[in-house]
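Step one of this worksheet: look at the structure below.
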DNA sequence: TTGACCTTGTGATGTTATAACATACACAAT
DNA sequence: ATTGTGTATGTTATAACATCACAAGGTCAA
């Protein structure tokens, strides 16, 4: 089966960015959420690459652009975007990444390249985990699935490094 | 199929602790790793409950017992125990928990009760993720699988809280 | 007894995240 | 116009998590 991973393959990134922004705008209009300048700019910054950025890296960008200099500014915008599903938090990295499946149902899994930092998002519900939860009576509300390894490019260039 | 989750069921905790310590001692002997007093004590502290503890909580215990007061003491011991596979790090909580499957092959998944903090460890390899990785050429080295929700006890007591 | 290696002690610092309180702005009800 | 309400932002301070760098002790074998 073909994967729906927006993975490590090259792609038309500018259209990918535009699509994500349009989706965000539409969804905010529908849900009467406000995609304010700071929030929109943070989403744009994260969309620039398919790598995860720390909150303070985002903040540095905002600061350089005169949009805010204190941690809560970045954390609030990121929190909003995560709540809306436009951005995901990568627990493993304490960092954030723009969602590459705008609008899709969300129980995302991530593949993180430890060499170049690129992160691919896949849909990969964990059936075994759901089974284990059902078996033990655990009410499963949210799952974090994050894999670390080497992307195709870094496997060939860096050898084992 | 019966789950091999050491889950939220009640169990003979003291024998569970003893077994884990014995396994750790045996494995250290085999691999010539040193289970020093600090390291052993940290493992014991984590074994006291099936909840995750922050590094600084562990450190506070060490300090109270005269075993060390500076962060690196705790982080070094925890790092050692994680390397040996006796302890797992829970990324979602920035915290640590004793392994409940001593000696077992390790690609653990966790179910975290957001109410009481209890954490159950299950073996739940994510086949869909492995498939997605294979599809996109990603070399999967390590996976983080952490679910958050409500344990059986907290579902009944707290209602929806 | 020297050197290599591992472990621990400690001060300083770096990184990530939130609490708490004040201000501003939009919009509706009076 | 003014007051109330809700949402978003600005700012200070601090909490919480983690590592660096360097000194000192212990063990063991050459």
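Here are a few things to note about the model shown:
- Looking only at segment B:117-141, residues that are over 23 Å from residue B:20 (Cα atoms) and touching a helix residue (DSSP H, G or I) at 6+ places or on another chain (Cβ under 9 Å) come to 8 in all.
- Evaluation of residue B:70 against (1) within 20 Å of residue B:25 (Cβ to Cβ); (2) surrounded by fewer than 19 Cβ atoms within 10 Å (Cβ to Cβ); (3) within 15 Å of DNA strand D (Cβ to nearest atom) (one fails), failing number: (1)
- Residue in segment B:100-114 that is within 16 Å of DNA strand D (Cβ to nearest atom), part of a loop (DSSP other than H, G, I, E, B) and either more than 10 Å from chain A (Cβ to nearest Cβ) or under 30 Å from residue A:157 (Cα atoms) (or both) present: no
- Only a single item in (1) touching a residue at least 40 places away in the same chain (Cβ under 8 Å); (2) part of a strand (DSSP E or B); (3) under 30 Å from residue B:153 (Cβ atoms) is not met by residue A:92, and it is number (2).
- Residues satisfying the stated conditions in segment A:143-161, i.e. more than 7 Å from chain B (Cβ to nearest Cβ) and surrounded by 15 or more Cβ atoms within 10 Å (Cβ to Cβ): A:153, A:154
- Only a single item in (1) at the interface with chain A (Cβ under 7 Å from one of its Cβ atoms); (2) at pLDDT 90 or above is not met by residue B:117, and it is number (1).
- In the set (1) within 16 Å of DNA strand D (Cβ to nearest atom); (2) in a strand (DSSP E or B), the condition left unmet by residue A:147 is number (1).
- Residue, farthest from the other protein chains (Cβ to nearest Cβ), within segment A:120-142, restricted to residues that are surrounded by fewer than 24 Cβ atoms within 10 Å (Cβ to Cβ) and assigned to a loop (DSSP other than H, G, I, E, B): A:125
- Taking helices (runs of 4 or more DSSP H) as the structural unit, those lying wholly within segment A:1-81 and holding at least 1 residues that are at pLDDT below 95 correspond to A:13-31.
- Subset tally (residues that are facing chain B (nearest Cβ under 10 Å) and farther than 16 Å from residue A:147 by Cβ) for segment A:71-99: 1
- Filtered residue count, segment A:85-112, keeping only those that are at pLDDT 95 or above and more than 12 Å from the chain's Cα centre (by Cα): 1
The values are calculated or read from the model by the stated rules, or taken from the named source; none is laboratory data. Everything quoted here is computed from the prediction, not taken from an experiment. Neighbour counts are summed over all protein chains in view; Cβ atoms, including those assigned to glycine, are modelled from backbone coordinates with ideal geometry.
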